[in-house]
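Here is the structure we will look at.
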Amino acid sequence: MASKTFKALEIPNYRYWVLGALVSNIGTWMQRVAQDWLVLTELTHHDGTATGITTGLQFLPVLLLGPYAGLIADRYDKRKVLLITQSFMGLCALVLGGLVVAGEARLWHVYVLATLLGIGSAFDAPARQAFVSEIVPSSHLSNAVALNSANFNLARLAGPAIAGVVIALVGTGPAFLINGLSFLAVLGSLTLMKDSAISHAPRAQRGRGQVRAGIAYLTSRRDLLLLFAMAFVIGTFGLNFQLTNAMMAAEEFGLGASEYGFLGTVMAVGTFAGAMWAARRSRPRWRYVIGGGIAFGLCALLSALMPTVWLFALSLIGVGLSALTFLNACNTMVQTTVPGQYRARVLALYLMVVQGGTPLGAPLVGWMAELMGVRAAVAIGAIASLVVSTAALVLWQKYRSDAPPLRAHFREIFTRG
């Protein structure tokens with residue numbers, strides 16, 4: 001079973017990629033924790049709206065630039081694109097860290113640098129996602145996508161905990177500086193890769209209408225449109241852990257930075273377990289897309305009701321497991337069913353949907369948390385996720401000619417196999 005779970009690591013270029021990404025991902029999670037803590041406790045007095053705006057600004061460029069960023073990744077050498085984007089994002093982290101260490105950081109600085117970081121991420125994400133299909137053969141792609149998620153969530157186990165300790169000992173500034181330096185690991189891994197072992201996908205043609213061509217391909221796929229609708233609602237209203245966990249920690253339970261980091265680590269236990277489970281699957285299935293969405297809504301709703309910090313932390317394991325199951329199934333479905341010449345553009349549209357909703361959702365969730373309490377805000381997001389996932393189940397049942405009865409399908413999506 002171990003060889004099946006880790007078979008993509010047989011590819012030397014992919015091993016370089018995984019090692020570099022692990023170091024950088026740890027730094028990324030440190031920055032996420034430090035950024036929220038900086039805004040929530042140092043630059044404001046527990047202002048959930050300001051924290052939500054910061055998160056929203058970081059994801060806004062994905063919404064605005066996503067289609068064009070996907071075209072760039074389809075048209076140019078993805079490794080060269082990544083060298084540029086990773087360098088730019090590392091610079092943004094170093095600048096913010098320098099401002100905080102110097103005692104000159106202001107809220108508007110965070111807003112500007114979060115936006116710049118989001119611009120870099122908007123161009124980085126589709127190239128990074130599609131690049132995986134060029135460094136592993138198609139027979140290993142599902143496993144590689146799942147291992148990428150495992151890598152990200154292994155970093156999520158370590159990053160928040162390390163950030164909590166760093167913030168408690170020396171403040172938020174060094175956490176940003178460490179993240180900036182961590183990008184050197186990815187730059188090194190990209191440099192070490194053998195170009196002869198990279199299977200470059202067909203490049204998108206130059207000329208007008210290439211962004212529209214990617215959108216036209218997506219609209220021709222009714223199954224992907226259903227997947228995108230689920231991703232938008234769940235991403236916008238449910239996947240706001242960066243904001244809601246910070247507010248639950250600070251406002252509901254009165255925790256400090258290190259305890260908040262611990263909550264992120266506990267949640268990562270679930271997401272890492274979900275990623276390793278996904279790595280054993282040979283192909284994506286709709287039962288994991290829909291079942292993951294329904295399970296996420298139920299687990300998130302349960303977390304909103306937990307009366308103590310320990311029960312809340314325990315519930316986050318289920319939240320992380322179900323969220324990762326849903327997201328990994330969506331990502332793998334797109335990666336493995338879209339032709340290479342459209343893959344980055346469709347992935348960019350997918351990321352635009354699942355992450356681009358954050359500029360809408362994060363400030364809204366922050367506002368609801370201020371108005372009704374953070375528990376109510378989490379519960380509303382969970383209910384929205386349940387509604388869209390159940391609707392997707394009904395529609396999938398309707399359009400599949402070979403679909404079993406609805407009751408049997410409910411049993412199927414929660415059963416392995």
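Below are the figures for this structure:
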read-out: Scope the stretch 118-153; condition open to solvent by 20 Å² or more (accessible area, probe 1.4 Å) and either of a type in the set (Phe, Trp, Tyr) or under 21 Å from ALA93 (Cα atoms) (or both); matching residues; value: ILE119, SER121, PHE123, ARG128, PHE152
read-out: GLN397 being open to solvent by 10 Å² or more (accessible area, probe 1.4 Å), part of a helix (DSSP H, G or I) and closer than 18 Å to GLY292 by Cα; value: yes
read-out: Residues within the stretch 34-60 that are in a helix (DSSP H, G or I) and either open to solvent by 10 Å² or more (accessible area, probe 1.4 Å) or of a type in the set (Gly, Ala, Ser) (or both), tallied; value: 15
read-out: The lone exception for SER220 - which of (1) in contact (Cβ under 8 Å) with a residue 40 or more places away in the chain; (2) open to solvent by 70 Å² or more (accessible area, probe 1.4 Å); (3) closer than 25 Å to ILE290 by Cα; (4) not β-branched (Val, Ile, Thr) it fails; value: (1)
read-out: Matching option when the condition is modelled with pLDDT under 90 and either under 29 Å from MET193 (Cα atoms) or of a type in the set (D, E, K, R) (or both), among ALA73, ALA105; value: ALA73
read-out: Residue within the stretch 302-318 that is within 16 Å of THR390 (Cα to Cα) and not aromatic (Phe, Trp, Tyr) present; value: no
read-out: Set TYR68, TYR76: member being over 25 Å from PHE241 (Cα atoms), surrounded by fewer than 24 Cβ atoms within 10 Å (Cβ to Cβ) and under 21 Å from the mean Cα position of the chain (by Cα); value: TYR68
read-out: Of residues in the stretch 193-212 being touching a Lys or Arg at 6+ places or on another chain (Cβ under 9 Å) and open to solvent by less than 50 Å² (accessible area, probe 1.4 Å), the one modelled with the lowest pLDDT; value: ALA204
read-out: Cβ-Cβ under 6 Å pairs, at least 6 apart or on other chains, the stretch 160-178 side within 9 Å of ALA34 (Cα to Cα), far side open to solvent by 40 Å² or more (accessible area, probe 1.4 Å) and part of a helix (DSSP H, G or I); value: GLY164/SER258; GLY173/VAL101
read-out: Output for the stretch 2-32, where each listed residue is within 23 Å of ALA185 (Cβ to Cβ), open to solvent by 10 Å² or more (accessible area, probe 1.4 Å) and aliphatic (A, V, I, L, M); value: LEU9, ILE11, VAL18, LEU19, ALA21, LEU22, VAL23, ILE26
read-out: Selection status of ALA168, part of a helix (DSSP H, G or I) and open to solvent by less than 40 Å² (accessible area, probe 1.4 Å); value: no
read-out: Where ALA384 falls short, out of the listed (1) at pLDDT below 90; (2) in contact with a helix residue (DSSP H, G or I) (Cβ under 8 Å, 6 or more places away or on another chain); (3) surrounded by fewer than 20 Cβ atoms within 10 Å (Cβ to Cβ); (4) not acidic (Asp, Glu); value: (1)
read-out: Selection within the stretch 254-273 - open to solvent by less than 40 Å² (accessible area, probe 1.4 Å) and either among the hydrophobic types (A, V, I, L, M, F, W, C) or modelled with pLDDT under 80 (or both); value: LEU255, GLY256, ALA257, TYR260, GLY261, LEU263, GLY264, THR265, VAL266, MET267, ALA268, THR271
read-out: In the stretch 106-137, the residues that are without any contact (Cβ under 8 Å) to a residue 12 or more places away in the chain and not aromatic (Phe, Trp, Tyr); value: VAL112
read-out: Test: residue in the stretch 301-317 that is over 22 Å from ALA249 (Cβ atoms), of a type in the set (S, T, N, Q) and surrounded by fewer than 23 Cβ atoms within 10 Å (Cβ to Cβ); value: no
read-out: Criterion violated by ILE215 - all others in (1) crowded, with 24+ Cβ neighbours inside 10 Å; (2) assigned to a helix (DSSP H, G or I) satisfied; value: (1)
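The values are calculated or read from the model by the stated rules, or taken from the named source; none is laboratory data. What you see is a predicted model, and the numbers here were worked out from it, not measured in a lab. Cβ: placed from backbone, ideal geometry, glycine included. Neighbour counts: every protein chain shown. Ligands, DNA and RNA are excluded from the accessible area calculation, which covers all protein heavy atoms including side chains. Shrake-Rupley method; radii C 1.70, N 1.55, O 1.52, S 1.80 Å.
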